[in-house]
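K.L.:
Got a structure here, written out as structure tokens. Questions coming.
The values are calculated or read from the model by the stated rules, or taken from the named source; none is laboratory data. None of these values were measured; they are calculated from a predicted model. Methodologically, a virtual Cβ is constructed for each residue, glycine included, from the backbone with ideal geometry; neighbour enumeration extends over all protein chains shown. Remember, those area values only see protein heavy atoms, side chains included, never the ligands or the DNA or RNA. Shrake-Rupley method; radii C 1.70, N 1.55, O 1.52, S 1.80 Å.
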Amino acid sequence: MSDDADPLHRIIARKVRANGLNPRWWVTNAYPWLRRRLRDAAFRGLMDIRRRDAFDHYEAEWDNLVILDACRYDLFASTHDLPGELEQRHSKGSATAEWLSRHFANRDAHDTVYVTANPMYRATEWVGADLSETFHDVIDLTEGAFVEDGTTMPYTVAAAAAWAADEYPDKRLLVHFMQPHHPFVSRFARERGLLDPEMRLRQFVTDGETKTEVRAWRAWGRQVEEGELPVETLWRAYRENLKLALPAVHGLLDALDGRTVVTSDHGNMLGERATPFAETVWGHPQEYQTPELVDVPWLVTNPDAPRRETTADPPIDRTARDNNELSDRLSALGYA
């Protein structure tokens, strides 16, 4: 039984007319299809209810918003050493594309410069919207010399953000670190074979279109369930990736004026069960509203800092900028 755009009652009527006298069709086709439809509808309804309490990151009070990709609240709270006041927030999304969509799909953020190690803002297929004109500027660190071991390292993001702060003193800064999201690039992860050489950021997005992601979490989850990989090893690799980013964030704080907040777009699941259907989840699939996926940190690093004066201006023509020039500038400073 196919799933098309017709209303559910019309699909059912058509299929019953064609196959209703065939008992085998009811057992092997109709009942499983209806069960999936009802389960999916119940899941979407429950997730929508849970999302009503979600927090709008963009509307909050900040001049610089630092995103640590896929950093769940409990990991951050038990690991970080950054200054400030930590609270927990309920994210709108359980994956970057969903987070971007729910924050920026219908918004002009022309007072904001986006410095990003995550190419998902270009993935119109997954985001469901074209964000190319959403921000005043985008400093895209996901190609060429910026990429190392399939990801963009934290010190490169911090250097680019410091450059953007000087270049755009009248704009808000949205700074998107890739860590603690995999690839896991710490020495610990490398020694245990968790740096997958096939995992490349550019496999996510090519020329604005998504490509198939290497399902690293699915493979790791299968290894854990079969007793080949201790889940504690995955946890440590996840934590070590966050530890790689924290010194870069520390250094960046000194280069930023105004109020700076450190947060995350979403969390990550390491084999916990997603209620109410009790399925085991690895990674961060979209549309899931579980605590592990949507409870994120909200650390105001300097609550008493005076706010910056910002202005909204039309998006710049990014095609005229030579990213090699930016790379050369960062290299000269010893960052990239």
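K.L.:
Suppose we filter region 71-91 for residues that are modelled with pLDDT under 95 and under 11 Å from the mean Cα position of the chain (by Cα); how many remain?
P.N.:
Result for region 71-91: 1.
K.L.:
Select, from Leu234, Leu246, Leu252, Leu293, the only residue that is under 18 Å from Trp99 (Cα atoms) and in a helix (DSSP H, G or I).
P.N.:
Leu293
K.L.:
I want to confirm something. Restricting to region 87-144 and keeping residues that are part of a loop (DSSP other than H, G, I, E, B) and of a type in the set (D, E, K, R), which single residue is farthest from Phe55 (Cα to Cα)?
P.N.:
Step one: list which residues in region 87-144 are part of a loop (DSSP other than H, G, I, E, B), which gives 91-95, 105-108, 117-118, 123, 128-134, 141-143.
Then keep just the ones that are of a type in the set (D, E, K, R); that gives 92, 107-108, 130, 133, 143.
Values: Lys92: 6, Arg107: 16, Asp108: 18, Asp130: 23, Glu133: 24, Glu143: 31 Å.
Looking at the filtered set, the residue picked out is Glu143.
K.L.:
A further question on this structure: What's the number of the only condition in (1) open to solvent by 10 Å² or more (accessible area, probe 1.4 Å); (2) in contact with a strand residue (DSSP E or B) (Cβ under 9 Å, 6 or more places away or on another chain); (3) at negative phi that Asn106 fails to meet?
P.N.:
The single condition Asn106 does not satisfy is (2).
K.L.:
State yes or no: is Phe146 buried (at least 18 other Cβ atoms within 10 Å of the Cβ) and among the aromatic types (Phe, Trp, Tyr)? First the steps, then the outcome.
P.N.:
Values: buried (at least 18 other Cβ atoms within 10 Å of the Cβ): yes; among the aromatic types (Phe, Trp, Tyr): yes.
For Phe146, the condition - buried (at least 18 other Cβ atoms within 10 Å of the Cβ) and among the aromatic types (Phe, Trp, Tyr) - is met.
K.L.:
Among all residue pairs at least 6 apart or on different chains, which show Cβ distances below 8 Å where the first residue, located in region 244-260, is more than 18 Å from Pro169 (Cα to Cα) and touching a residue at least 12 places away in the same chain (Cβ under 8 Å) and the second is outside any helix (DSSP H, G or I) and open to solvent by 70 Å² or more (accessible area, probe 1.4 Å)?
P.N.:
Once the first residue is more than 18 Å from Pro169 (Cα to Cα) and touching a residue at least 12 places away in the same chain (Cβ under 8 Å) and sits in region 244-260, its partners that are outside any helix (DSSP H, G or I) and open to solvent by 70 Å² or more (accessible area, probe 1.4 Å) give Leu246/Asp81; His250/Asp81.
K.L.:
Does Ala161 meet the test of being surrounded by fewer than 24 Cβ atoms within 10 Å (Cβ to Cβ), outside any strand (DSSP E or B) and of a type in the set (Gly, Ala, Ser)?
P.N.:
Answer is no for this residue.
K.L.:
Return the residues of region 255-275 that are over 21 Å from Pro291 (Cβ atoms) and assigned to a loop (DSSP other than H, G, I, E, B); say none if nothing qualifies.
P.N.:
Ala255, Leu256, Asp257, Gly258, Arg259
K.L.:
Of everything in region 76-103 that's farther than 16 Å from Met178 by Cα and of a type in the set (S, T, N, Q), which residue is surrounded by the fewest Cβ atoms within 10 Å (Cβ to Cβ)?
P.N.:
Ranking the candidates gives Ser78 first.
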